[in-house]
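The values are calculated or read from the model by the stated rules, or taken from the named source; none is laboratory data. No experiment lies behind these values; they were computed from the predicted model shown. Neighbour counts run over all protein chains shown; Cβ positions are idealised from the backbone, glycine included.
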Amino acid sequence: MTITAQQSLAEVINCLSDYDPNALRVSDAQQVIEQFVQPVQAIEMVAIRDALDRILARDLISSIDVPAHDNSAMDGYAVRAADLTPDAQTQLKVIGTATAGKPLEIELPAECAVRIMTGAVMPHGADTVVVQEITTVQDALVCIPPGQQLGQNRRLRGEDLTRGKPAIKAGKRITPADLGLIASLGIAEVPVRRRLRIAFFSTGDELRSIGETLEPGQIYDSNRYTLHGMLRRLGVELIDMGVIPDRREALEDAMRIAGANADAIISSGGVSVGEADFTREVMGRLGDVAFWTIGMRPGRPMAFGRVGHACYFGLPGNPVAVMITFYFFVRDALLRMMGATRSSLPYLRATSSVPIRKRPGRTEYQRGILSLGSDGTMQVALTGGQGSGVLRSMSEANCIVVLHHDQESISAGDKVDCLPFEGLI
């Protein structure tokens with residue numbers, strides 16, 4: 001289903017069956033978010049060295065064949081396979097040498113060979129390369145053992161890239177390997193989607209920024225720093241709006257500014273029961289926002305919708321809940337807005353070394369440590385206390401153990417799905 005940018009959140013939600021904002025499944029919340037957000041349309045050209053981690057806006061079409069000629073994959077001897085005796089040694093006359101960048105412009109005669117280096121163009125008529133390590137040479141004759149295969153150690157013209165065909169598809173997040181591939185086509189500038197602008201802030205009168213003195217009952221704001229780090233990994237432009245106090249006027253001003261200047265807004269805190277009434281009032285004036293209680297742990301309260309021209313993600317206030325809701329709701333939405341091709345987060349199956357209590361009817365995310373067991377299989381243990389405010393346990397973990405909606409308690413030795421942090425956090 002194609003959702004246009006003008007559709008209301010209610011129209012998207014109406015496509016769900018059994019929608020209940022007070023008991024929403026994780027998968028349903030993800031579906032609504034995916035269908036509601038839309039990619040930015042603006043495209044810019046950037047130098048190839050600046051294209052890393054950007055989202056390719058258009059297919060890159062190869063204007064050349066890569067490689068441009070049949071060439072050797074190894075140092076050895078270019079020969080005609082028809083000249084080789086299948087079950088006995090063959091002697092061929094060596095008539096020249098081909099090196100990379102200096103083709104030997106000859107038609108290879110029968111019962112002859114050419115010394116060839118890796119990357120050198122294959123002489124006309126040659127179809128096979130015999131590696132030098134298995135040959136012997138004496139008096140300009142090369143001795144080749146039996147058992148060689150037609151076409152071995154030969155790279156074919158266009159086997160990497162074919163002229164006129166897409167080299168990289170639009171929506172790809174450009175990797176170091178892609179940079180090399182683009183360079184091999186002689187392309188100096190790359191069309192990419194413009195960077196997203198993300199405004200983020202924390203809410204709460206108890207929060208103080210680093211450098212301020214803590215009074216009784218006050219804490220340092222950690223959520224903006226975890227959000228800053230997670231967003232930096234996505235390569236977006238950041239608008240850090242600091243800590244917004246618990247006042248209607250302050251929240252409304254922050255939302256107006258963010259909605260006018262950003263593609264997405266992320267707040268932490270202020271969406272729990274009781275607190276949400278305050279935020280709900282402001283959102284009712286400024287945007288199109290739904291408030292959800294999601295069947296998950298941690299991270300039950302969440303708000304989502306649009307404020308001004310920006311998508312809005314209202315995350316819980318507890319530090320671990322902020323990270324969990326970001327990775328399982330916000331990250332994919334931002335990648336979609338960036339124009340990235342959708343790809344599911346890669347789960348890894350591991351054996352739980354401990355029992356884990358779980359009741360069906362909600363999705364649970366436990367912090368875990370993956371390791372290689374003595375039997376060579378992946379095992380996972382929990383980091384200890386799993387409270388949503390225990391950020392230390394997130395710091396010590398290297399994965400999230402995902403216990404799905406209908407799953408029951410886990411016994412030691414059972415297999416579980418894990419989301420490794422490497423490449424994510």
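Descriptive notes on the structure:
- Cross-chain or 6+ apart pairs with Cβ under 7 Å, the range 403-415 first and of a type in the set (A, V, I, L, M, F, W, C), then assigned to a loop (DSSP other than H, G, I, E, B) and surrounded by 11 or more Cβ atoms within 10 Å (Cβ to Cβ): LEU403/LYS358; ILE410/PRO355; ILE410/LYS358; ALA412/SER353; ALA412/VAL354; ALA412/PRO355
- Any hit, the range 111-126, residues being acidic (Asp, Glu) and over 29 Å from GLY180 (Cα atoms): yes
- Elements of the type strands (runs of 3 or more DSSP E) sitting completely within the range 276-383 and holding at least 3 residues that are under 25 Å from the mean Cα position of the chain (by Cα) and touching a residue at least 40 places away in the same chain (Cβ under 8 Å): these cover 301-307, 310-315, 348-352, 363-372.
- ASP240, sole failed condition from (1) among the charged types (D, E, K, R); (2) within 20 Å of ASP332 (Cα to Cα); (3) in a strand (DSSP E or B): (2)
- Failed item in (1) in contact (Cβ under 8 Å) with a residue 60 or more places away in the chain; (2) outside any strand (DSSP E or B); (3) in contact with a Lys or Arg (Cβ under 9 Å, 6 or more places away or on another chain); (4) within 26 Å of ASP18 (Cα to Cα), with SER272 passing the rest: (1)
- Within the range 97-118, the set of residues being within 49 Å of the chain's Cα centre (by Cα) and not in a loop (DSSP other than H, G, I, E, B) comprises THR97, ALA98, THR99, LYS102, GLU107, ALA113, VAL114, ARG115, ILE116.
- Of all residues making up the range 105-130, the number that are of a type in the set (Val, Ile, Thr), in contact (Cβ under 8 Å) with a residue 24 or more places away in the chain and farther than 18 Å from THR85 by Cβ: 4
- Residue within the range 52-62 that is loosely packed, with under 15 Cβ neighbours inside 10 Å and not assigned by TED's automatic domain parsing to the domain that holds GLY180 present: no
- Scoring SER388 on the criteria (1) farther than 23 Å from GLY204 by Cα; (2) among the hydroxyl-bearing types (Ser, Thr, Tyr); (3) in contact with a Gly (Cβ under 8 Å, 6 or more places away or on another chain) leaves a single failure, condition (1).
- Here MET296, MET302, MET255 are screened, and the one residue that is farther than 30 Å from LEU403 by Cβ, buried (at least 17 other Cβ atoms within 10 Å of the Cβ) and modelled with pLDDT of 90 or more is MET255.
- When ILE324, ILE400 are checked against the criterion of being on the phi < 0 side of the Ramachandran plot and either surrounded by fewer than 20 Cβ atoms within 10 Å (Cβ to Cβ) or not assigned by TED's automatic domain parsing to the domain that holds PHE278 (or both), a single residue qualifies: ILE400.
- Residue within the range 374-397 that is surrounded by 21 or more Cβ atoms within 10 Å (Cβ to Cβ), of a type in the set (A, V, I, L, M) and more than 30 Å from GLN41 (Cβ to Cβ) present: yes
Residue-wise test of (1) in a strand (DSSP E or B); (2) in contact with a helix residue (DSSP H, G or I) (Cβ under 9 Å, 6 or more places away or on another chain); (3) among the small types (Gly, Ala, Ser).
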{"position": "ASN22", "(1), (2), (3)": "no, no, no"}
{"position": "SER27", "(1), (2), (3)": "no, no, yes"}
{"position": "ILE64", "(1), (2), (3)": "no, yes, no"}
{"position": "HIS69", "(1), (2), (3)": "no, no, no"}
{"position": "ASP87", "(1), (2), (3)": "no, no, no"}
{"position": "VAL94", "(1), (2), (3)": "yes, no, no"}
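- When the range 353-373 is filtered for residues that are surrounded by 12 or more Cβ atoms within 10 Å (Cβ to Cβ) and hydrophobic (A, V, I, L, M, F, W, C), the ones remaining, listed by number, are VAL354, ILE356, ILE369, LEU370.
- Total residues in the range 154-177, condition closer than 16 Å to ASP53 by Cβ and touching a residue at least 24 places away in the same chain (Cβ under 8 Å): 8
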